[in-house]
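This report refers to the structure that appears directly beneath it.
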Amino acid sequence: MESLHKRILEEGKALSENVLKVDSFLNHQVDPDLMYEMGTYFKKYFEAHKITKIFTIESSGIAPSVMTAMQMNLPMVILKKQSSKILKGDVYQTTVHSFTKDMNYELTLQKKYINEDDNILIIDDFLANGEAALGAARLVEGAGAKVGGIGIVIEKSFQPGPQLLKEKGYDVYSLARIAKLGKGNIEFVK
Ligand code: 5GP
């Protein structure tokens, strides 16, 4: 997605060789026009996948997901990050490790928002080690539903997540794929 590449190059800051900060249009301030265009790309790619719902992980996946859901005319569900297990039987939960924050959280979904006939498109802002996306997929499959695809805004292709998801057979579509990060240097996959 050309406009996303441009924004990453103009405004993105590599905090290290592993972490990219894009606070000015995705993670803190949000550019609605850019989010809408992301929705157009996700719709085009996943349109034939017979998706029934879009799931995202709070909070930075919400903006691109809602724009995609609107254009695909589908419901959207936010998977919550809880700090502890909920002991009532009306939720699905799975533990996810965040390498960026070095902490665990319980990814949580109310049972009433999924059923066995669902074919879910998971959308998230970044793909790094794949923990968040795999956690979301575990919730979906644990509920007896299918993962119809995974849409990522920025994939760091040099980290393990993309390969891991592909090995598990998921159809992953990323709007920007970064090959290398370094101080003052951002390279895309050619
Ligand atoms: P993973 O679970 O694939 O290791 O990481 C995905 C999650 O970590 C994303 O939902 C995102 O919130 C966060 N994340 C991973 N890498 C980056 C990064 O380089 N920049 C930002 N802003 N967030 C990241």
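Values computed for the structure shown
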item: Pairs of Cα atoms farther than 11 Å apart, segment 19-58, %; result: 73 percent
item: Heavy-atom accessible area order for L9, L109, largest first, 1.4 Å probe; result: L9, L109
item: Net charge of Cβ neighbours under 15 Å - reference E17; Lys, Arg +1; Asp, Glu -1; result: +4
item: Percent carbon-and-sulfur accessible area, the chain, ignoring ligands, DNA and RNA, probe 1.4 Å; result: 50 percent
item: Normalised contact order of the chain, rounded percent, pairs of Cα under 8 Å and 6 or more residues apart; result: 21 percent
item: Cα-Cα separations in segment 51-139 greater than 23 Å, expressed as whole percent; result: 20 percent
item: Probe 1.4 Å, accessible area per residue of segment 69-162, Å²; result: 47 Å²
item: Rg(Cα)/(2.2 N^0.38 Å) for segment 93-190, N = residue count; result: 1.14
item: P(r) weight above 27 Å for the chain, C-alpha pairs, percent; result: 24 percent
item: Gap separating the Cα centres of segment 57-84 and segment 90-140, nearest whole Å; result: 11 Å
item: 12 Å beta-carbon shell around L26, net charge (K/R +1, D/E -1); result: -3
item: Among the listed pairs K44/K85; K101/K146; K6/K50; K44/K111; K21/K112; K81/K166, those beyond 27 Å (Cα-Cα); result: K44/K85; K101/K146; K6/K50; K44/K111; K21/K112
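The values are calculated or read from the model by the stated rules, or taken from the named source; none is laboratory data. Note that this is a predicted model, so its numbers are computed, not measured. Every residue, glycine as well, gets a Cβ built from its backbone with ideal geometry; the counts of neighbours run over all protein chains shown. Side chains included, ligands, DNA and RNA excluded: accessible areas come from the protein's heavy atoms. Shrake-Rupley method; radii C 1.70, N 1.55, O 1.52, S 1.80 Å.
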